[in-house]
Amino acid sequence: QVQLVESGGGLVQAGGSLRLSCAASGRTFLIVGMGWFRQAPGKEREFVATISVAGGSTNYGDSVKGRFIISRDNANGTAYLQMNSLKPEDTAVYSCAASQRFSTARSRNSYDYWGQGTQVTVSS
């Protein structure tokens with residue numbers, strides 16, 4: 001099994017930045033891809049970004065493209081989400097996910113392991 005723990009969430013003003021971390025532990029050799037999703041109150045879970053563990057290929061959701069950057073540190077088993085130019089509509093619980101089947105994926109059904117999530121609140 002794989003365990004994922006997110007950190008780095010908090011309250012920030014619009015236009016500001018935050019960096020989320022996702023630390024993986026356990027059988028991390030199973031992981032080929034990682035992703036970030038978010039869910040705002042009353043809304044469905046939304047794809048944010050994904051990255052392949054081996055080659056570093058990335059893909060972003062349209063609403064964050066050009067503002068967010070996903071990266072990974074394989075030596076530390078950690079994925080990051082750098083969030084810049086934050087907007088109030090970015091407010092949500094952000095969760096990281098790991099896949100042992102897909103190197104990059106936009107669908108939540110492609111992921112096998114999930115973290116508990118971290119709250120990000122952007123004030124106007």
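Scanning the range 1-17 for residues that are among the hydrophobic types (A, V, I, L, M, F, W, C), assigned to a strand (DSSP E or B) and within 27 Å of residue 87 (Cα to Cα) turns up 4, 5, 11, 12. Counting only residues that are at pLDDT below 95 and in a strand (DSSP E or B), the range 18-60 holds 0 of them.
For first residues located in the range 1-21 and surrounded by 17 or more Cβ atoms within 10 Å (Cβ to Cβ), partners that are modelled with pLDDT of 95 or more and aromatic (Phe, Trp, Tyr) and lie 6+ apart or on another chain with Cβ distances below 6 Å form the pairs 2/113; 4/113; 20/94; 21/80. For the range 66-82, which residues satisfy the criterion of being part of a loop (DSSP other than H, G, I, E, B) and either in contact (Cβ under 8 Å) with a residue 24 or more places away in the chain or closer than 25 Å to residue 41 by Cβ (or both)? Across the range 66-82, the qualifying residues are 67, 76, 77. Before we move on, is residue 94 buried (at least 17 other Cβ atoms within 10 Å of the Cβ), touching a residue at least 40 places away in the same chain (Cβ under 8 Å), out of contact with any Phe, Trp or Tyr (no Cβ under 8 Å at 6 or more places or on another chain) and of a type in the set (Phe, Trp, Tyr)? The answer is no for residue 94.
When 63, 85, 103 are screened for being outside any strand (DSSP E or B), surrounded by fewer than 16 Cβ atoms within 10 Å (Cβ to Cβ) and touching a Gly at 6+ places or on another chain (Cβ under 7 Å), only 85 passes.
The values are calculated or read from the model by the stated rules, or taken from the named source; none is laboratory data. Bear in mind the structure is a predicted one, so any value in this text is a computation, not a measurement. Counting neighbours? That spans all protein chains shown, and the Cβs are built from the backbone with ideal geometry, glycine included.
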